[in-house]
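The structure appears below as structure tokens.
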Amino acid sequence: MLLEIWLRLTLFFGIFSNALGGFIGINIGTDISNLPSATDIVAILKARQITNVRLFDADAHLLNALSNTSIEVMVSVTNEEVLGIGESPSAAAAWINKNVAAYVPSTNITSISVGSEVLNSIPNAAPILVPAMNYLYKALVSSDLSHRVKVSTPMSMDIIPRPFPPSTASFNTTWNSTIFQILQFIRNTNSFYMLNAYPYYEYVKSNGIFPMDYALFRPLSSVKQIVDPYTLFRYNSMFEALVDATYCSIEALNFTRIPIVMTETGWPWFGGSNEPDATLENAQTFNENLIQRVFNDSGPPSQPTIPVNTYIYELFNEDKRPGPVSEKNWGVLFTNGTAVYPLSLSNSDRNSANSSTVFCIAKPGADANKLQNGLNWACGPGRANCKAIQQGQPCYFPDTLQSHASYAYNDYYQKMHSSGGSCDFDGTATTTTNDPSSESCKFSGSLNSSISGLFPAPASGPVAPLSGSSKNSAYQFSLWALFLTLVWLPLFFPLQYLCLGCIL
């Protein structure tokens with residue numbers, strides 16, 4: 001009995017300690033005409049308080065620029081590199097030495113994604129995908145880095161032919177042998193399953209079977225509720241259903257307790273004439289609701305105790321990508337650091353406070369000349385206090401016209417709106433209840449600790465994290481809840497009764 005308890009504790013802490021509290025990260029693509037320098041990209045990440053990033057390669061400039069930032073980094077073996085590494089342990093060791101060991105610990109590399117959707121994009125490489133993962137892991141062991149760097153491979157939803165209802169989902173049998181080996185590797189190395197899932201594409205493919213609100217996390221009317229007929233789980237979003245379909249596909253191969261990390265998801269904000277659903281409004285709605293969903297720190301119906309850590313696709317618009325117009329317009333930021341649309345990490349369930357405070361910010365895409373005139377007026381005749389946006393001051397970064405105008409507009413508005421001052425500035429301003437403050441830059445009217453933001457527009461980021469005592473209390477509560485669910489209960493009940501619904 002004591003040995004069994006010890007084994008369960010080892011499994012629990014090894015796999016789930018990192019799953020406590022969901023995080024939002026961002027993918028950084030580089031197929032861009034005017035790509036900012038690595039130093040500028042990292043400055044944008046820091047200004048926006050982004051804590052987790054995924055690179056599609058192992059770019060040396062970015063890895064150097066990310067040193068001493070504490071930002072958690074996922075590096076990638078490209079599909080072109082998978083073939084060579086899967087055939088040569090020495091090639092894997094060289095890759096680890098060059099792209100991981102050379103930067104750790106100053107650059108906080110925490111995981112490696114091996115290829116991207118290899119089974120779909122280069123199926124001929126399937127036989128050597130798992131050997132590549134094994135060789136890389138062994139190279140990490142040799143470098144004494146396996147305890148801090150996890151290895152996995154991103155999989156698309158295309159390998160699950162029928163994801164609904166989630167409880168009956170299973171992997172394409174063509175790939176069962178390879179997927180079984182991948183899951184064995186993940187379990188044996190305490191890693192996680194990497195999933196690329198796009199409700200945008202699933203909605204487009206459904207031809208109206210599912211409502212748009214379901215894809216965008218919007219509430220569904222009682223007559224449109226999406227319910228799994230076998231488990232009676234109600235799915236409030238397509239995102240949750242796709243994650244659960246993957247969990248149940250994993251369980252169909254007799255693997256349990258393998259956490260899923262969403263390595264790619266998002267929504268394009270602009271498309272061609274034949275892509276009517278790729279709109280700015282839909283993209284903003286999807287990502288805002290996604291962030292709120294991830295930050296409620298719970299999983300999908302079948303795995304409610306495991307948050308779904310998620311990387312949004314993507315930081316910048318990649319204008320050089322081939323394909324339809326929408327392929328070039330997934331970014332949440334322009335390359336100058338300004339937001340494509342306001343996007344906040346604020347969550348009404350987690351942050352009680354600032355809904356009554358109204359801020360005045362510059363409209364994304366406002367005319368630059370009008371913005372400059374508005375900024376000049378606010379800091380001059382408008383008597384806004386613009387000291388904080390001067391060079392060397394806490395609100396200077398991001399050093400963009402939109403960011404500085406937002407700060408000045410808001411300072412003027414907070415002082416003058418009670419006596420008739422408006423938030424207009426020749427049509428370049430708008431109001432928002434999302435606090436645009438960051439940890440270093442507090443906007444007038446901010447309650448400082450009530451709203452947190454990843455990409456609020458503009459000049460924003462999360463506020464100071466929970467105090468040490470509050471964070472420790474929340475952590476300990478979550479830890480005990482998971483301990484009771486995953487360790488104590490299984491000692492008294494057979495594991496098969498703890499599937500939480502993923503049973504056919």
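Just so it is clear, none of the values below were taken in a lab; they were calculated from the coordinates. The structure displayed is predicted, hence computed values, not measured ones. Note that we place each Cβ from the backbone using ideal geometry, even for glycine, and neighbour counts take in every protein chain shown.
Which residues in the stretch 97-131 have a backbone N closer than 15 Å to a point placed 7 Å from the Cα of Val141 along the Cα-to-Cβ line?
131
Does the stretch 234-368 classify as rounded, prolate or oblate by the C-alpha gyration tensor (a ≥ b ≥ c root eigenvalues; a/c under 1.5 gives rounded; else a/b over b/c gives prolate, otherwise oblate)? Walk me through the intermediate numbers first.
Values: a/c = 2.49, a/b = 1.37, b/c = 1.82.
Here the stretch 234-368 falls in the oblate category.
Given Lys328/Lys363; Lys46/Lys415; Lys98/Lys138, which pairs have Cα atoms separated by over 25 Å?
On the way: Lys328/Lys363 22 Å; Lys46/Lys415 29 Å; Lys98/Lys138 15 Å.
Listed pairs above 25 Å: Lys46/Lys415.
What does the extension gain come out to for Ser206 and Lys415, with contour length at 0.36 nm per residue minus their alpha carbon separation?
Working: separation 209, 0.36 × 209 = 75.24 nm, distance 5.04 nm.
Roughly 70.2 nm would be gained on extension.
State, to one decimal in nm, how far the label point of Val227 lies from the label point of Ala102, with both points 7 Å from Cα in the Cβ direction.
Spacing of the two 7 Å Cα→Cβ label points: 5.8 nm.
What spacing in nm lies between the two simple spin-label points modelled at Lys320 and Asn385, each 7 Å away from Cα in the Cβ direction?
With each label point 7 Å from Cα toward Cβ, the separation is 4.6 nm.
As an exercise, use a Förster radius of 35 Å and the Cβ-Cβ distance of Asp277 and His61 to find the FRET efficiency, rounded to the nearest 0.05. Display every interim value, and only then the final one.
Details: r = 36 Å, r/R0 = 1.02.
Between Asp277 and His61 the formula returns 0.45.
Rounded to the nearest 20 Debye, what is the dipole magnitude of the stretch 215-367 about its Cα centre when Lys and Arg each give +1 and Asp and Glu each give -1 at the C-beta?
The dipole of the stretch 215-367 has a size of about 220 debye.
Going 7 Å from the Cα of Ile122 in the Cα-to-Cβ direction, what parts of the stretch 43-74 have a backbone nitrogen less than 18 Å from that spot?
In the stretch 43-74, the label zone of Ile122 (backbone N under 18 Å from the point 7 Å along Cα→Cβ) covers 55-59.
Beyond 17 Å, what percent of the Cα pairs of the stretch 207-272 remain? Walk me through the intermediate numbers first.
Values: 1153 of 2145 pairs.
I get 54 percent for the Cα pairs in the stretch 207-272 exceeding 17 Å.
For the stretch 383-445, with the dipole built from +1 on Lys and Arg beta-carbon atoms and -1 on Asp and Glu ones, taken about the Cα centre, which of Gln390, Leu401, Thr432 lies farthest toward the positive end?
The residue sitting most towards the positive pole is Gln390.
For a Förster distance of 22 Å, can you work out the FRET efficiency between the beta-carbons of Asn289 and Arg162, rounded to the nearest 0.05?
Details: r = 25 Å, r/R0 = 1.16.
The calculated FRET efficiency here is 0.30.
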